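Enquirer: One structure, as structure tokens, below. Some questions next.
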Amino acid sequence: MKEHDLYETVIGLEVHAQLLTNSKLFSGDPTQFGAAPNTHISEIVLAYPGTLPKLNKKAVELAIRLGIACNCEIERTNYFARKNYFYPDLPKGYQISQHTTPICKGGHVPIRTAAGERNVQLNRIHLEEDAGKSVHDADDNNTCIDYNRAGVALVEIVTEPDIRSAEEAAAYLTELRKLVRHLDVCDGNMEEGSLRCDANVSIRKKGDPNLGVKVEVKNLNSIRNVRKAIEYEVGRMIELAENGQPIEQQTRSFDASNDTTFSLRSKEEANDYRYFPDPDLPPFVVTDQQLAAIKAAMPPLPEQLVAQYKEQLFLSDYDARVICDDKESIAYFEGLRKLTTHYKAAANWLLGPVKSWLNEHSVHINAFPLQPKALADVIELVESNKLSFSVASSKLLPALIQEPAAKPAELAAALNLLQDADDSSIIAWVDAVLAGMPDKVAEYKKGKKGLLGLFMGEVKKVSKGKADPKATTRILTEKLNQ
């Protein structure tokens, strides 16, 4: 639509990531997903009189780890505030959060889209506790409350209004989810609610420096839904603007059944929450020693590994990025590279036959039956010309998957798959092929050199894949040029 060309989209995302701690942010209650309702609660979570919260040290370390990875400034002196509001799933009547001193300030996350690469600027990453969950479909007449999630440690990652399209928003969330998983900060499972996104969307005329009226779309639980919700909201806002109707600041929800949003309530301002420092929690200080220890324990980041694989292992940008898409693939490839120097071949196997098998069986690489050692041995058989790639991938690999404990060289020999590099055997196969195709031989000798591939294919058939390709090419060329 031409109207869309007149407007610029401005998006800020707020992502809540549930931290991978065994206990909650201020109590020892367990955090495992899927327990029976209201079994992971205690007097502290429910704010009984006389109870006092105690800060989870691991949660602080995970927040700092993410902040370092996102190039944030780490706040050294921190305190928690009470964010006051009344809602059934908030047992205390307030949420403990960080307000004026987020533990991580600024920073950015790199994204890649069709338009190129750039950094999405962050405003802050702060620690807070989660609320409980309202369940509306368990009882026909009542809303039920499950407090298991209440008090679970979260970080909220808040961008600046720096995102300009649904595509960029999806790219940002994809990178952020990959990062929190890589760092073991969060499992990134949006379906279970451990990673949730709120999108703040507005539009303005192109060239206008002022921000438009903002609408917040809450609790988006997939990257697809984030993209669809933003696309719908932008279209709705432009239609209102073009018809001269006001855009109201409000909170909306997304209906995944028809890819539309609907209004929940008019938006409250931050000062409605009456923030004040929590009197039960003392400030906490991040020391130089703590910061150094956290940095030292961090794994290389995906972008660092991509650069390393390209510069040191000479992989293509595509291969390096696909390998670094998740930490399990990285771990498997790292295991391979310690066992073989054929790095490009290792990448080809991982992104070719192995990935095909995983896709066919709808499993992740963690479920791949072969350890890196077995695959490295297969690669060595191919690279030393003892086995062709096609035979190794189509015959040996499936056989090894059935017998993961078998030694690849021994199994290949038992299956009669090893290539024959003996000239006398190859000469016999070549002679048989050429004798059976005199017309094609004549065409070749008249200048149709492209027929060499046909002869190679026929020798491969006759030898059942056992003829060494290099030796076969040499012998064929010699005989055809006589």
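The values are calculated or read from the model by the stated rules, or taken from the named source; none is laboratory data. Computed from a predicted model, the values in this text were never measured in an experiment. Cβ placement follows ideal geometry from the backbone for every residue including glycine, while neighbour counts extend to all protein chains displayed.
Enquirer: Among the numbered criteria (1) within 28 Å of the chain's Cα centre (by Cα); (2) more than 21 Å from residue 159 (Cβ to Cβ); (3) surrounded by 14 or more Cβ atoms within 10 Å (Cβ to Cβ); (4) not assigned by TED's automatic domain parsing to the domain that holds residue 334, which single criterion is violated by residue 278?
Expert: (1)
Enquirer: A further question follows. Is the range 244-256 home to any residue that is more than 29 Å from the chain's Cα centre (by Cα) and among the small types (Gly, Ala, Ser)?
Expert: Yes, the range 244-256 contains at least one residue that is more than 29 Å from the chain's Cα centre (by Cα) and among the small types (Gly, Ala, Ser).
Enquirer: May I ask you to list the residues in the range 281-304 that are in a loop (DSSP other than H, G, I, E, B) and either among the charged types (D, E, K, R) or surrounded by 12 or more Cβ atoms within 10 Å (Cβ to Cβ) (or both)?
Expert: Once the filter is applied, which keeps residues that are in a loop (DSSP other than H, G, I, E, B) and either among the charged types (D, E, K, R) or surrounded by 12 or more Cβ atoms within 10 Å (Cβ to Cβ) (or both), the range 281-304 yields 281, 286, 298, 299, 300, 301.
Enquirer: Can you find a residue in the range 456-468 that is part of a helix (DSSP H, G or I), in contact with a Lys or Arg (Cβ under 8 Å, 6 or more places away or on another chain) and not β-branched (Val, Ile, Thr)?
Expert: No: the range 456-468 contains no residue that is part of a helix (DSSP H, G or I), in contact with a Lys or Arg (Cβ under 8 Å, 6 or more places away or on another chain) and not β-branched (Val, Ile, Thr).
Enquirer: Name every residue in the range 442-482 that is over 44 Å from the mean Cα position of the chain (by Cα) and in contact (Cβ under 8 Å) with a residue 40 or more places away in the chain, in order of residue number.
Expert: Listed by number, the residues that qualify are 463, 471, 472, 475, 476, 479, 480.
Enquirer: Right, another one. State whether one or more residues within the range 374-386 are more than 27 Å from residue 330 (Cβ to Cβ), assigned by TED's automatic domain parsing to the domain that holds residue 332 and of a type outside the set (S, T, N, Q).
Expert: Among the residues of the range 374-386, at least one is more than 27 Å from residue 330 (Cβ to Cβ), assigned by TED's automatic domain parsing to the domain that holds residue 332 and of a type outside the set (S, T, N, Q), which makes the answer yes.
Enquirer: Tell me, which helices (runs of 4 or more DSSP H) lie completely within the range 305-404 with 2 or more residues that are within 30 Å of residue 116 (Cα to Cα) and under 17 Å from the mean Cα position of the chain (by Cα)?
Expert: 317-323, 327-337, 355-361
Enquirer: Does the range 132-143 contain at least one residue that is touching a His at 6+ places or on another chain (Cβ under 8 Å) and polar (S, T, N, Q)?
Expert: Yes, that holds for at least one residue.
Enquirer: Still on this model: For residue 167, indicate whether it is crowded, with 22+ Cβ neighbours inside 10 Å, at pLDDT 95 or above and among the charged types (D, E, K, R).
Expert: Here the answer is no, as residue 167 does not meet what is asked.
Enquirer: Looking at the range 307-329, which of its residues are buried (at least 20 other Cβ atoms within 10 Å of the Cβ) and either under 15 Å from residue 344 (Cβ atoms) or without any contact (Cβ under 8 Å) to a residue 12 or more places away in the chain (or both)?
Expert: Result: 309, 315, 319, 320, 323.
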